[in-house]
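Here's the structure we're looking at; comments come further down.
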Amino acid sequence: MKLKIIACEVFKDELDHICDDGLECVYLPQGYHRTPEKMPAKIQEEVDRLDGSADYLALGYGLCSNGVVGVKARKTPLVVPRTHDCIALLLGSREAYDREFSQHPGTYYLTPGWIEYGQNPYSEYLENWIEEYGEETAKWLAVEFLKNYTRISYIENGITDQEKFRDFAKEMAEFYGFSYSEIEGNLEYLLRLLNGSWDSDFLVIQPGDTIGQGEFLIESTIPLL
C-alpha cells in the first residue's frame, strides 16, 4: 500500500520521527487554524495535487473547528482520524483525551510542535501584540483569549530537546496564574494512521465523497467545536 500524508505542521517532529524514508509528508502551516473557514480549500489544494499518486492520502488533522469539512476525495481515498482536534493524536487515543478532559477541564495543551511551529495567545502577546497595541491592551487580549482556562499541560513527545519548550510552557502558566502539569505523549494514534490500522477511530472517505461534520459524531465528553 502506497500512502502519502498531508498534515498540520504541529505534527512535523512526530511524523518525521516515525515515517519511513519513502513516505511523502506534506506539512501545512498551523496558522490556517486561525481562519478555519479557509482551511478546507488549502487542504483540498494538496489533495488535488497528490491525487492519483498513492493508494491512500492520509490527513494529519482532526475535525479542527470544521477545518476539514468539505474536503473531497477525488480519485484517491482519504483517511482521516475521527477525532475533534489534534490533542487526541498527540496523547495516543481518543480515550486518553476524553479521560484528560473529564479529569481536568479548562486545560490548555502545549506541545513542542505547537510552540515551535504554531501560535498561541501568549506567543502572540510577546511577539506581536505588545508592539501593535501597547502593553496594557496586549495583556488584556492575551488574558481574554484564555479566560475559560485554568491549567497549562505540556505534552512531552520524547523526541526533541524538551527544555526550551518546557520552559516556555512554565513561563506561560506563570504569566496567566494557571496551574502547570506535564503529560507523556504517545505516538500510537499517528502510527495507526500510517500503518493502515483503520478501525472506528478513522474515517475512510471514498472517491467522490466529501468529509462531513456528522461523521465525527462519536460518543465523547468533548463537545464539537
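The values are calculated or read from the model by the stated rules, or taken from the named source; none is laboratory data. Since the structure is predicted, the reported quantities are computational estimates derived from the model, not experimental observations. All Cβ positions, even for glycine, are placed from backbone atoms using ideal geometry, and neighbour counts span all protein chains on display.
Would you call G62 under 21 Å from G214 (Cβ atoms), in contact (Cβ under 8 Å) with a residue 12 or more places away in the chain, surrounded by fewer than 19 Cβ atoms within 10 Å (Cβ to Cβ) and of a type outside the set (D, E, K, R)? No, not satisfied.
Here is the figure for the stretch 173-222: residues that are touching a Lys or Arg at 6+ places or on another chain (Cβ under 6 Å) and either β-branched (V, I, T) or farther than 30 Å from G158 by Cα (or both) total 2.
Residues of the stretch 135-147 include none that is aliphatic (A, V, I, L, M), surrounded by 14 or more Cβ atoms within 10 Å (Cβ to Cβ) and under 25 Å from A41 (Cα atoms).
Taken over the stretch 170-197, the criterion of being surrounded by fewer than 18 Cβ atoms within 10 Å (Cβ to Cβ) and either within 30 Å of V143 (Cβ to Cβ) or of a type in the set (A, V, I, L, M, F, W, C) (or both) is satisfied by K170, E171, E174, F175, G177, S179, Y180, S181, E182, E184, L191. Does the stretch 203-213 include one or more residues that are under 19 Å from the mean Cα position of the chain (by Cα), in contact (Cβ under 8 Å) with a residue 40 or more places away in the chain, surrounded by fewer than 18 Cβ atoms within 10 Å (Cβ to Cβ) and not in a strand (DSSP E or B)? Yes, that holds for at least one residue. R151 meets all of the listed conditions (1) within 22 Å of P81 (Cα to Cα); (2) in contact with a strand residue (DSSP E or B) (Cβ under 6 Å, 6 or more places away or on another chain) but one, namely (1). Just to be sure I understand, how many residues within the stretch 80-99 are crowded, with 21+ Cβ neighbours inside 10 Å and not in a loop (DSSP other than H, G, I, E, B)? The total comes to 10. Scanning the stretch 21-55 for residues that are crowded, with 18+ Cβ neighbours inside 10 Å and hydroxyl-bearing (S, T, Y) yields Y27, Y32. Taken over the stretch 44-59, residues that are within 27 Å of L91 (Cβ to Cβ) and either outside the structural domain of R82 (by TED's automatic domain parsing) or not in a strand (DSSP E or B) (or both) amount to 2. Condition check: in contact with a strand residue (DSSP E or B) (Cβ under 9 Å, 6 or more places away or on another chain), of a type in the set (D, E, K, R), modelled with pLDDT of 95 or more and surrounded by fewer than 23 Cβ atoms within 10 Å (Cβ to Cβ). Does K2 satisfy that? For K2, the condition - in contact with a strand residue (DSSP E or B) (Cβ under 9 Å, 6 or more places away or on another chain), of a type in the set (D, E, K, R), modelled with pLDDT of 95 or more and surrounded by fewer than 23 Cβ atoms within 10 Å (Cβ to Cβ) - is not met. Of all residues in the stretch 163-180, none are of a type in the set (G, A, S), assigned by TED's automatic domain parsing to the domain that holds V79 and modelled with pLDDT of 95 or more. Evaluation of E136 against the conditions (1) part of a helix (DSSP H, G or I); (2) among the acidic types (D, E); (3) at pLDDT below 95 shows that the sole unmet condition is (3).
When you look at A41, is it among the small types (G, A, S) and part of a strand (DSSP E or B), yes or no? So A41 fails the test.
Provide a single number: the residues in the stretch 20-38 that are part of a loop (DSSP other than H, G, I, E, B) and under 20 Å from V204 (Cβ atoms). Here the count works out to 2.
The condition (being within 17 Å of E14 (Cα to Cα), of a type outside the set (V, I, T), under 18 Å from the mean Cα position of the chain (by Cα) and surrounded by 15 or more Cβ atoms within 10 Å (Cβ to Cβ)) is satisfied by just one residue among Y108, Y117: Y117.
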